[in-house]
Amino acid sequence: MISLRRVWIGMALLLLLAVGAGCQAQGSVEDPAVGPDPDIEGYVVKRETGRMLVVAPDREAIWFTSVPAKARVGQMVQVWYSVSEESYPARAKADRVTIVLSPKPSGADLSAADAVREALVAYESVMAPAVQRVDYDAAADIWDVRVQVEDGGEDVKQVKDEL
């Protein structure tokens with residue numbers, strides 16, 4: 001027969017565990033169902049065997065290894081990583097990569113990712129072109145892709161919306 005003392009001790013331990021679980025670190029707004037925000041969100045601007053260059057609109061640029069084969073130039077991605085080597089562009093191993101879907105606007109033949117990929121052809125010699133904005137003009141059937149380059153200048157490449 002279980003003694004009353006053991007029952008009380010067991011209940012006290014459960015109460016301590018319950019109170020301890022409710023006293024997690026303050027200031028964290030991370031939703032455990034969603035997880036932390038990505039460390040970088042930007043466009044894949046270059047792709048080489050086993051690695052990809054992601055450049056954010058603020059010009060942060062990182063070559064990532066351990067990347068999914070399905071990530072393609074022109075796609076917007078979110079990347080989580082732990083440590084990066086200091087350089088420009090930096091280098092890091094991707095812990096997690098999410099491809100942000102870019103649906104086709106109504107009436108468009110290309111997706112935003114397709115338009116960015118087409119526009120980036122003009123910047124192959126640029127180390128880390130930063131895609132700032134991608135807009136589709138349905139009336140003109142043209143994509144405007146704004147790109148910032150190393151010297152800080154911004155350029156708009158127009159891509160005709162055709163496959």
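The values are calculated or read from the model by the stated rules, or taken from the named source; none is laboratory data. For clarity, every value in this text was computed on a predicted model and none was experimentally measured. Neighbour counts are summed over all protein chains in view; Cβ atoms, including those assigned to glycine, are modelled from backbone coordinates with ideal geometry. Each accessible area value is taken on the protein alone, full model and side chains, heavy atoms only, with ligands, DNA and RNA left out. Shrake-Rupley method; radii C 1.70, N 1.55, O 1.52, S 1.80 Å.
Observations on the structure shown:
- ASP109 versus SER125: modelled label distance in nm, points set 7 Å from Cα along the beta carbon direction: 2.9
- Neighbours of ASP109 by Cβ distance under 15 Å: Lys/Arg scored +1, Asp/Glu scored -1, total -3.
- Nearby lysines by direct alpha-carbon distance to LYS160 (threshold 26 angstrom, same-chain neighbours under 8 apart not counted): LYS46, LYS70, LYS104
- The slack between ARG72 and ASP155, meaning 0.36 nm per residue of separation minus the straight C-alpha distance, is 27.7 nm.
- Globularity index of the range 114-163, i.e. its alpha-carbon radius of gyration over 2.2 N^0.38 Å: 1.12
- Working from Cα pairs under 8 Å separated by at least six residues, relative contact order for the range 115-163 is 34 percent.
- Rg/Rh, computed from the Cα trace of the range 61-142 with Rh as the Kirkwood radius, has the value 1.02.
- Solvent-accessible area of ASP137 with every protein chain in place, 1.4 Å probe, in Å² to the nearest 10: 70
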